[in-house]
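Report on the structure given below.
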Amino acid sequence: MKWLISNGRIVDPASGRDEVVDLLLDGGVVAGIGKGLEAPRGCEKMDAAGFLVMPGFIDMHCHLREPGFEYKETVASGCAAAVKGGITSVMCMANTNPVNDCASVTSYILEKARLAGLARVYPVGSVTKGMAGESLSEMGELADCGCVAVSDDGRPVPNGEIMRRAIQYAAAFGLFVIDHAEDLNLAGDGVMHEGYVSTMLGLEGIPAAAAVSEMARNIAIIREFGGRIHIAHVSSRGAVDLIRHARAEGLKVSAETCPHYFTLTHEAVIGYDTSAKVKPPIRTVDDREAVIEGLVDGTIEVIATDHAPHHRDEKDVEFDHAAFGISGFETALALTLSLVESGRIGLMDAVARWTVNPARVAGLPGGTLADRAPADVVIVDQSAKWTVEPGSFLSRGKNTPLAGMELTGQVVSTFVGGRKVYDREEGIIVKTE
Ligand SMILES: [Zn+2]
């Protein structure tokens, strides 16, 4: 299938290109880019005048919930939500049931992704067997069958010695560790950020130190023994400062944050809104400011959703009992464009944090519109205004603190491997082979 996408504003941070040109997709790859491209025989055409044309977004952190929690999300429903959000590649975390700690689970996820035929899915295996934090998973087997990283995300690796061995062992198989940093003793039974809002609401708090202290331990391991680590969902000033120092030392520490951390504050919880209950918790104005500063100066190279869908029965309960997590695929792009609109970060830099940077950090194909690159493309109407209606999410998870909010910026079309998989008029376009 061939597509000529003409007159769009191409924004490709990998090449630094920001200009109105045509883009030709052929044979699943980018086959031409330039002014006045001719449409080859049998080519479908799309006029993208007035729209942004960008590499498909790569989301290094999401939860597709299958196997085991299909009532929250399936690989297919998650992939549909992803491409509707302009995300063409996703890395899905291992906290399924059973945990993705062996070849059979990884293969099952990949087969479900193949059948869905929408986003590219890259499974993340667990660091420890069953995510129990005790013995290392079979990382060689996980790498062989398609895992691209390991993480016990959702839980920390409490034992520093196991973390040290995990970092070394993962590297031997071409994997890397994604660190969910959390001191469980400090986090205790906390359900939101520990601060004046938690006091006011009478809710147990999670101090920022819960994440920062464990991050510091893991950075100390890297400093002394080498290796690399990717820190998930950075949410506080302390974490950003720590990572900035580590990177200045030349340590191989990469980091991601999520749209809710650069958009909201702990005040989102006022009214006991369980849809704003997320781990790590959304913190203060100052923390949000630090996260934005970290994005701007490159301390945080990657934006990821941490898309964590839940069933309404797990959220429509008392705050203490509600599940942690936000359904993030379908709002991530608009929130990123809002940050650009605020003037805090340039469009090129913001798009880099969704494309070339995660591709480089995770060693994935895509993330660029360079010649012969995978034809994963998102076309965006930057000025379209829309209201967040969770009921219209393609994700089974309707849990978002943004319900009713007006956002600007909407996906017009998404292409994966040169095939149009989503269009805002037609919806999800199902594979027809
Ligand atoms: Zn997560």
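The values are calculated or read from the model by the stated rules, or taken from the named source; none is laboratory data. From a predicted model like this one, the values you see are computed outputs, not experimental measurements. Cβ atoms come from the backbone with ideal geometry, glycine included; neighbour counts cover every protein chain shown. We work out accessible area using only protein heavy atoms, side chains counted, and drop any ligands, DNA or RNA first. Shrake-Rupley method; radii C 1.70, N 1.55, O 1.52, S 1.80 Å.
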Which ³J(HN,Hα) values, rounded to whole Hz and listed in residue order, are derived for region 409-415 from phi using the Karplus coefficients 6.51, -1.76 and 1.60 in 6.51 cos²θ - 1.76 cosθ + 1.60 with θ = phi - 60°, glycine and proline given as x?
-> x, 9, 6, 8, 8, 10, 10
Carbon-plus-sulfur fraction of the accessible area of the chain, 1.4 Å probe, in percent?
-> 50 percent
Report the full-extension gain for the segment D349 to R223: residue separation times 0.36 nm, less the Cα-Cα distance, to one decimal in nm.
-> 42.5 nm
Okay, which of region 50-85 sit inside 18 Å, backbone N to the point 7 Å along the Cα-Cβ direction of T408?
-> 50-53
In nm, to one decimal, how far is the modelled label at R17 from the one at I270, with both set 7 Å along Cα→Cβ?
-> 4.7 nm
Mind checking which lysines have their Cα closer than 16 Å to the Cα of K35? Skip sequence neighbours fewer than 8 apart in that chain.
-> K45
Full extension from A49 to E111: what is 0.36 nm times the residue separation minus their Cα-Cα distance, to one decimal in nm?
-> 18.6 nm
Among beta bridges assigned by DSSP with both residues in the chain, the antiparallel ones amount in percent, to the nearest 5, to 50 percent
With a point put 7 Å past each Cα toward its Cβ, work out how far S104 is from S342 in nm, to one decimal.
-> 4.7 nm
Hand me the GluC sites (Glu not before Pro) from region 260-359 located in a DSSP loop with no more than 13 other Cβ atoms within 10 Å, in residue order please.
-> E318
Based on the alpha-carbon gyration tensor of region 1-70 and its eigenvalue square roots a ≥ b ≥ c, which shape applies: rounded if a/c is under 1.5, prolate if not and a/b is larger than b/c, or oblate?
-> prolate
Quick one: grab the alpha carbon gyration tensor of region 362-433, order the square roots of its eigenvalues as a ≥ b ≥ c, and give me rounded if a/c is under 1.5, else prolate or oblate depending on whether a/b is larger than b/c.
-> prolate
Given a cut-off of 26 Å, name the pairs among K279/K315; K315/K431; K277/K431 whose C-alpha atoms lie farther apart than that in the structure shown.
-> K315/K431; K277/K431
Stretchable slack from L184 to K129, in nm (0.36 nm times residue separation minus alpha-carbon distance) | 17.9 nm
N97-K431 pseudo-label distance in nm [points 7 Å out on the Cα-to-Cβ vector] = 2.8 nm
Sort the following peptides by mean Cβ neighbour count (other Cβ atoms within 10 Å, averaged over residues), highest first: 153-159, 388-394, 82-88, 257-263.
-> 82-88, 257-263, 153-159, 388-394
Rank-order 63-75, 6-18 by packing density, defined as the average count of other C-beta atoms within 10 Å over each peptide's residues, highest first.
-> 63-75, 6-18
Return, ordered by residue number, the residues of region 90-122 whose backbone nitrogen is under 11 Å from a label point located 7 Å along Cα→Cβ of E141.
-> 101-106
Can you give the helix-only mean residue ellipticity at 222 nm for the chain, where every DSSP H stretch with n ≥ 4 adds -39500 (n - 2.57) and the sum goes over all residues, rounded to the nearest 500 deg cm²/dmol?
-> -8000 deg cm²/dmol
Run the numbers on the chain and let me know its relative contact order in percent, using alpha-carbon pairs under 8 Å that are six or more apart.
-> 20 percent
For region 11-165, dividing by residue count, accessible area per residue (probe 1.4 Å) in Å² works out to 35 Å²
